[in-house]
Amino acid sequence: MDFQNRNPVDCPYYLVSRVSLVITSAMKKGFADAGVTGIKPAYLGALWVLWLDDGLKVSELGRRAGLEPSTMTGLVDRMERDGLITRQPDPQDRRVQRILLTKAGRKMKNPVLEIVNTVISNVFGDVSPEEFDVTTRMLQRVLTKAQEGNR
């Protein structure tokens, strides 16, 4: 594929990055409009994983959320500062920390996921369920391939 003489809107990278920015902005606005404070779109992957399986090791949380260890350190620091999680030593290995949701972090699940559902429904409003499923599967494959290329 050669993009030298094409418009940016013909480039998947441009489109994915623009869509990401627009959806992130919509999430921020959704949180603000709903009065949901202390939640940032950057937290969503880690929070979502913890809502499904609380008490993970930092490394496992990062792996499941698709985040690099260097990214996880700062993210965990900020989420702890915002009162969403706590770190506790692993009972079997005190060198390892487990990440646990606080009461506030657990309480955020339903309001946050309602906002996510609303934003995604609005953004994909003109997309059929079949197109949505195909797009999701395609993006999952692209993400996997891109991650493999960066190892």
With just the Cα atoms defining each centre, how far is region 22-40 from region 93-134? Give it in Å.
12
Leaving out same-chain residues fewer than 8 places away, which lysines sit with a Cα under 30 Å from that of K29?
K40, K103, K107, K109
Between the DSSP loop rule and a limit of at most 15 other Cβ atoms within 10 Å, which trypsin sites (Lys or Arg not before Pro) in region 1-81 are left?
R6
Under the span-like rule (Cα at least 20 Å along the axis, Kyte-Doolittle mean at least 0.5), DSSP H helices of the chain
109-123
Expressed as a whole percent, how much of the Cα-Cα distance distribution for region 1-84 exceeds 15 Å?
66
Per-residue accessible area, 1.4 Å probe, largest first, puts L52, L61 in the order L52, L61
Under 5 Å between amide hydrogens, which residues at least 5 positions from R98 or on another chain qualify, with H placed 1.01 Å from N in the peptide plane?
Q88, D90
How far is it, in nm, from the label point at L100 to the one at Q88 when both lie 7 Å from their Cα along the line to the Cβ?
0.2
Using a 1.4 Å probe on the protein heavy atoms only, what accessible surface does M138 show? Give it in Å² to the nearest 10.
80
On each of the three principal axes of the Cα atoms of region 21-151, give max minus min coordinate, whole Å, ordered largest first.
50, 40, 21
Place a +1 charge on the Cβ of each Lys and Arg in the chain and a -1 charge on the Cβ of each Asp and Glu, then give the dipole magnitude about the Cα centre in debye, rounded to the nearest 20.
600
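The values are calculated or read from the model by the stated rules, or taken from the named source; none is laboratory data. Quick caveat, the model's predicted, so the values are computed rather than measured. FYI the Cβ positions are ideal-geometry reconstructions off the backbone, even for glycines, and counts take in every protein chain you see. To get the accessible areas, we keep the full protein, side chains included, count just its heavy atoms, and leave off ligands, DNA and RNA. Shrake-Rupley method; radii C 1.70, N 1.55, O 1.52, S 1.80 Å.
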